[in-house]
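Before any comments, here is the structure.
The values are calculated or read from the model by the stated rules, or taken from the named source; none is laboratory data. Just so it is clear, the model here is predicted, and its values are computed rather than measured. Quick reminder, even Gly has a Cβ in these numbers, built from the backbone with ideal geometry, and neighbours come from all protein chains shown.
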Amino acid sequence: MNEIPLVDLKLQYDLIKTEILQDVDQVCSSSAFIQGKYARKFEEDFSALQKIPYTVGCSNGTSAISILLEALGIGKGAEVIVPTLTFIATAEPVCHVGAVPIFVDVEPSTLNIDTAKLEAAITANTKAILPVHLYGNPANMKQILNIANKHNLTVIEDAAQAHLAKLDGATVGNFGAAATFSFYPGKNLGAYGDAGCICSSNKELIDQCRVLLDHGRSEKYLHHKIGYNQRMDGIQAAILSTKMRYLEGWTARRKAIAAQYREALSHLNQLRIVEATPGAEPVYHLFVVEVDDREGLANFLKKRNIASGVHYPIPLHLQPAFSKLNYRAGDFPVAERACQRILSLPIYPEMTEQQIAHVTESVQSFFR
Ligand SMILES: *Cc1c(COP(=O)(O)O)cnc(C)c1O
């Protein structure tokens, strides 16, 4: 069997190529390269899809967090609580605005931020909690909001991996003051380059973000603030509007594949599947299992032409980039142990039944 990659963007492109090339042609023909009508259409489309009133497109999911933090007035002297098990882009923007990321361990079942350990991390300087819907599985927003309300903190959802994920019937991005999304090519909704957005039901906040990410301007040459150039480009916007029409279907496929994996693998007692949060409908950006012999399983799969990944091998508190914050090994034992044991199996909408079966049979035979 040909290699089963973690995600197959080339195959997806082949299926939608005609529409994508039309999009590129339209944007180029109308010279709507930066923001412009396609960016506006993307914002309307994404708000409708994600069921959040206001969206502003931007350059990527990292700048989305930076711009949002700045618009919320979170900067020097502030502390922002972040789970230690996530991609570094959750925490970098906290540093970019001059605030300090305060890491919190994750819960063993879901690997999302552990709300039982969250309150202990709050100090007089804490301004916000930045939970991540890791692997497409919503964090425990009910408890996070309870804690945030009690301590008067702002909640920002990092929904980079969780387009269309739901918790208690509501789509993510509707729980905190605002949410950020990434459209990095490999995300569930991916652009053909970098792109991201900020969503909120607070129009004023989204307007402030819009000004900040476009040179602080209200008119072409009237600048109220020292802003940034973090705009979304027209080609990405048009492509995202097209791909959005497929997202519900693609997400249903991811859920179906995850259900097949679960069915085939859940009886293996040497393997644990990362659990969904109670009340959640995860969208399986990644399908993650925990095993003792992670390297052994990864190598075994590789020999059978199955790719796998580790998301992520090093928790943020042990990253050299954050060494100044003085965390040590042992500070967050759940995340540290998980980072030694987690393995992401291939999951993408275009996987064939044959490929899915090859993955499940291979994992089963590793343990036999
Ligand atoms: C991808 C990702 C980001 C950053 O998105 P970019 O568009 O790559 O800048 C932020 N947080 C998480 C959890 C991510 O997975």
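Does any residue in region 197-210 that is more than 19 Å from residue 160 (Cβ to Cβ) and among the polar types (S, T, N, Q) come within less than 6 Å, Cβ to Cβ, of a residue that is at pLDDT 95 or above and part of a helix (DSSP H, G or I) six or more places away or on a different chain, and which pairs are these?
208/71
Consider residue 226 carefully, then state whether it is out of contact with any Lys or Arg (no Cβ under 7 Å at 6 or more places or on another chain), aliphatic (A, V, I, L, M), at pLDDT 95 or above and away from the ligand (no atom under 16 Å from the Cβ). Let's see the steps before the verdict.
Values: out of contact with any Lys or Arg (no Cβ under 7 Å at 6 or more places or on another chain): yes; aliphatic (A, V, I, L, M): yes; at pLDDT 95 or above: yes; away from the ligand (no atom under 16 Å from the Cβ): yes.
Yes, satisfied.
Kindly establish whether residue 313 is in contact with a helix residue (DSSP H, G or I) (Cβ under 6 Å, 6 or more places away or on another chain), surrounded by fewer than 15 Cβ atoms within 10 Å (Cβ to Cβ) and in a loop (DSSP other than H, G, I, E, B). First the steps, then the outcome.
Working: in contact with a helix residue (DSSP H, G or I) (Cβ under 6 Å, 6 or more places away or on another chain): yes; surrounded by fewer than 15 Cβ atoms within 10 Å (Cβ to Cβ): yes; in a loop (DSSP other than H, G, I, E, B): yes.
For residue 313, the condition - in contact with a helix residue (DSSP H, G or I) (Cβ under 6 Å, 6 or more places away or on another chain), surrounded by fewer than 15 Cβ atoms within 10 Å (Cβ to Cβ) and in a loop (DSSP other than H, G, I, E, B) - is met.
If I ask for residues that are more than 12 Å from the ligand (Cβ to nearest atom) and either of a type in the set (D, E, K, R) or within 14 Å of the chain's Cα centre (by Cα) (or both), which ones from region 69-94 would you list?
Within region 69-94, 70, 76, 79 qualify.
Hey, can you tell me all the residues within region 22-40 that are of a type outside the set (D, E, K, R) and under 23 Å from residue 198 (Cβ atoms)?
At the first step, the residues of region 22-40 found to be of a type outside the set (D, E, K, R) are 22, 24, 26-36, 38-39.
Scanning region 22-40 gives 27, 32, 33, 34, 35, 36, 38, 39.
Kindly indicate whether any position in region 168-180 is modelled with pLDDT of 95 or more, among the acidic types (Asp, Glu) and more than 10 Å from the ligand (Cβ to nearest atom). Reasoning before the result, please.
Keep residues of region 168-180 that are modelled with pLDDT of 95 or more, which gives 168-180.
Of the ones still in play, those that are also among the acidic types (Asp, Glu) are 168.
Retained after the next criterion (residues that are more than 10 Å from the ligand (Cβ to nearest atom)): 168.
Scanning region 168-180, I find at least one residue that is modelled with pLDDT of 95 or more, among the acidic types (Asp, Glu) and more than 10 Å from the ligand (Cβ to nearest atom), so the answer is yes.
Give me a count of the residues in region 131-147 that are away from the ligand (no atom under 12 Å from the Cβ), in contact (Cβ under 8 Å) with a residue 24 or more places away in the chain and outside any loop (DSSP other than H, G, I, E, B).
Number of matching residues: 6.
Among 13, 54, which is closer than 27 Å to residue 143 by Cα, aromatic (Phe, Trp, Tyr) and away from the ligand (no atom under 16 Å from the Cβ)? Quick ask: steps written out before the conclusion?
Numbers: 13 fails: closer than 27 Å to residue 143 by Cα.
Answer to the check: 54.
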